Amino acid sequence: MSEFDFGARNAREFRHRAFWAQFEDRHPAERSRRVRHGPWFWQRGLPELNLVITMYVAPEQHIVGVFFGSNERLGAVDTKGRLQPFRAAIESRLKLKPEQSGQGFGVNAIWRVNCFADDNWPAIADWLVTEAGRFERVVTELLASET
């Protein structure tokens, strides 16, 4: 059993509505910034930059994370490609360790945690919002310096 093996569970067992309700209760300011959400994700819009920051839960993998997502309606398309020239600077400013990053998402941060344990939900919600805030500050500073 690995350090992050919390027992086999199915994602369908995750009470996503209850999780996101608690997320919203803890961080009511996120509601006005939400541009899209689903059972597994919440997107914070940065319309002035044509970007979205996606906060997600992947309960079966025991991972939560934050990355620059896409949202066509907001103009957040080819985000990975658009941010590629800034990737090294973004990652350097975020000071992410290799084990905090998942493959295939571009710039991202992950936290391995038991998503099924309701008593972890407050910490998960706080971590997601904190990381999203860090991502927003860094990308805003970098892109503002380019204009």
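Here is a check on your reading of the model: is G75 of a type outside the set (S, T, Y), free of Cβ contacts under 8 Å to residues at least 40 places away in the same chain and open to solvent by less than 20 Å² (accessible area, probe 1.4 Å)?
The answer is no for G75.
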### Residues satisfying the stated conditions in region 112-143, i.e. at pLDDT 95 or above and in contact with a Gly (Cβ under 9 Å, 6 or more places away or on another chain)
L128, E131
### Query
Is it true that some residue in region 8-25 is outside any strand (DSSP E or B), free of Cβ contacts under 8 Å to residues at least 40 places away in the same chain and crowded, with 18+ Cβ neighbours inside 10 Å?
yes
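Among the residues of region 120-147, how many are hydrophobic (A, V, I, L, M, F, W, C) and within 20 Å of N50 (Cβ to Cβ)? Step through it out loud before you land on a result.
Going through region 120-147, the residues hydrophobic (A, V, I, L, M, F, W, C) turn out to be 121, 123-125, 127-129, 132, 135, 138-139, 142-144.
After this cut, where a residue has to be within 20 Å of N50 (Cβ to Cβ) as well, the list is 132, 135, 138-139, 142-144.
So the count comes out to 7.
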### Query
Where residues in region 57-71 are free of Cβ contacts under 8 Å to residues at least 40 places away in the same chain and assigned to a strand (DSSP E or B), which of them is farthest from W111 (Cα to Cα)?
N71
### Number of the condition not met by I110 [criteria: (1) in a helix (DSSP H, G or I); (2) in contact with a strand residue (DSSP E or B) (Cβ under 7 Å, 6 or more places away or on another chain)]
(1)
### Query
Are any of the residues in region 32-47 of a type in the set (G, A, S), open to solvent by 40 Å² or more (accessible area, probe 1.4 Å), part of a helix (DSSP H, G or I) and out of contact with any helix residue (DSSP H, G or I) (no Cβ under 7 Å at 6 or more places or on another chain)?
yes
### Message
Among the residues of region 126-147, what is the count of those that are in contact with a strand residue (DSSP E or B) (Cβ under 9 Å, 6 or more places away or on another chain) and among the aliphatic types (A, V, I, L, M)?
### Response
5
### Task
Kindly list, by first and then second residue, each pair from a residue in region 116-136 that is free of Cβ contacts under 8 Å to residues at least 40 places away in the same chain and loosely packed, with under 13 Cβ neighbours inside 10 Å to a residue that is of a type in the set (K, R) and part of a helix (DSSP H, G or I), limited to pairs with Cβ atoms under 8 Å and residues at least 6 apart or on different chains.
none
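The values are calculated or read from the model by the stated rules, or taken from the named source; none is laboratory data. This one's a predicted model, so the numbers in the text were calculated from it and none came from an experiment. Cβ coordinates were reconstructed from backbone atoms using ideal geometry, including for glycine residues, and neighbour counts include every protein chain displayed. To get the accessible areas, we keep the full protein, side chains included, count just its heavy atoms, and leave off ligands, DNA and RNA. Shrake-Rupley method; radii C 1.70, N 1.55, O 1.52, S 1.80 Å.
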